[in-house]
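Here the structure comes first, spelled out in C-alpha cells, and everything after it is commentary.
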Amino acid sequence: QSALTQPPSASGSPGQSVTISCTGTSSDVGGYKYVSWYQQYPGKAPKLMIYEVNKRPSGVPDRFSGSKSGNTASLTVSGLQAEDEADYYCSSYAGSNNLVFGGGTKLTVL
Amino acid sequence: QVQLQESGPGLVEPSQTLSLTCSVSGNSISSGGYYWSWIRQHPGKGLEWIGYIYYSGSTYCNPSLQSRVAISVDRSKNQFSLKLSSVTAADTAVYFCARDVSGYNQVDFWGQGAPVTVSS
C-alpha cells in the first residue's frame, strides 16, 4: 500500500483538462512544500514534471501545472494531447529525510 | 548531459544480498550538491524510494528498508552502489538509480532501470 493515495485512472479528450489528485497527511503532503510529479511511459524511466508543488523543470510544457490544498496535491494537464497518455506519480517529502510516492494514475487520452 | 547506468545481477537467490552499481557520467559525484538515489518499482506497481547518498557520504534510507539497505559511493570510479540484504520474492523489482537535485525528490536524471528477480 502506497503512502500517498492517487486515483488508479483518469481520462479526458484531446484539448480538455484533467486533474489528478494525490492525498497524503499532515506528515507529508500537508506538512511540506516538496511535492513532485513524475510522468512514466511503459518500460521507461520516470520524468520529472513538477517539483516543489508548482514548479516546472526546463522543457516541461506549461500545460502541466501543480497545486496543493491541505493534505491533497493536484496535477492538472490542460489542452490534453495524445502524448500525455502515461502513468503519473506524485511524491512528497515526509520529514527526516524520508520520501514517499503515490500508487500512480494511468491517464488515458480518449 | 548527465547519464546514469545501473549494472548488476538480474537474478538473486532468496536470503542473499542484492548488489547493484550505478555508473555516472557527465557529472562528478564529488562535485557536490546532489543526492544520488535508488528507487524501485515492483512489477506493474508504483515507485518506492529506497534511499540516497549525499556527495559527502551521508546516507538516508526508507525506514521500512533501513535495516537491510546499504548505499555507498566510489569516488574514484564515479559510481555509487546499493546492497539489499536478506532478499525475498517481494524484492523483485526494477531498480533505478537517479540524481536528486535537492534531496526533496527533485529527481532530474534517471538510469534506464535494472530488472532484478529474486528466485531460486
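The values are calculated or read from the model by the stated rules, or taken from the named source; none is laboratory data. This one's a predicted model, so the numbers in the text were calculated from it and none came from an experiment. Virtual Cβ from ideal backbone geometry, glycine too; neighbours counted across all protein chains shown.
A few remarks follow.
- Among the residues making up region A:43-65, those that are more than 10 Å from every other protein chain (Cβ to nearest Cβ) and of a type in the set (D, E, K, R) are A:ARG56, A:ASP62, A:ARG63.
- Among the residues of region B:56-86, those identified as loosely packed, with under 13 Cβ neighbours inside 10 Å and more than 27 Å from A:ASP28 (Cβ to Cβ) are B:ASP74, B:ARG75, B:SER76, B:LYS77, B:SER86.
- Test: A:ASN54 is out of contact with any Leu (no Cβ under 6 Å at 6 or more places or on another chain) and on the phi > 0 side of the Ramachandran plot: no
- The residues of region A:29-39 that are part of a strand (DSSP E or B) and more than 8 Å from every other protein chain (Cβ to nearest Cβ), listed by number, are A:VAL35, A:TRP37, A:GLN39.
- Strands (runs of 3 or more DSSP E) (entirely within region A:69-109) containing at least 1 residues that are touching a helix residue (DSSP H, G or I) at 6+ places or on another chain (Cβ under 9 Å), surrounded by fewer than 24 Cβ atoms within 10 Å (Cβ to Cβ) and away from chain B (no Cβ under 14 Å): A:72-77, A:105-109
- A:LEU75 more than 10 Å from the chain's Cα centre (by Cα) and at pLDDT 95 or above: no
- At least 1 residues being touching a strand residue (DSSP E or B) at 6+ places or on another chain (Cβ under 7 Å) and over 22 Å from A:GLN40 (Cα atoms) is the threshold, and among the strands (runs of 3 or more DSSP E) wholly inside region B:1-118 those reaching it are B:18-25, B:47-54, B:59-61, B:69-74, B:79-84, B:114-118.
Residue by residue, here is whether (1) over 26 Å from A:LEU48 (Cα atoms); (2) over 13 Å from the mean Cα position of the chain (by Cα); (3) within 14 Å of chain A (Cβ to nearest Cβ) holds:
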site: B:CYS61; (1), (2), (3): no, no, yes
site: B:LEU65; (1), (2), (3): no, no, yes
site: B:ALA70; (1), (2), (3): no, no, no
site: B:SER85; (1), (2), (3): yes, yes, no
site: B:VAL101; (1), (2), (3): no, yes, yes
site: B:GLN112; (1), (2), (3): no, no, yes
site: B:PRO115; (1), (2), (3): no, no, yes
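- Filter result (among the small types (Gly, Ala, Ser) and within 14 Å of chain A (Cβ to nearest Cβ)) within region B:87-99: B:ALA90, B:ALA93, B:ALA98
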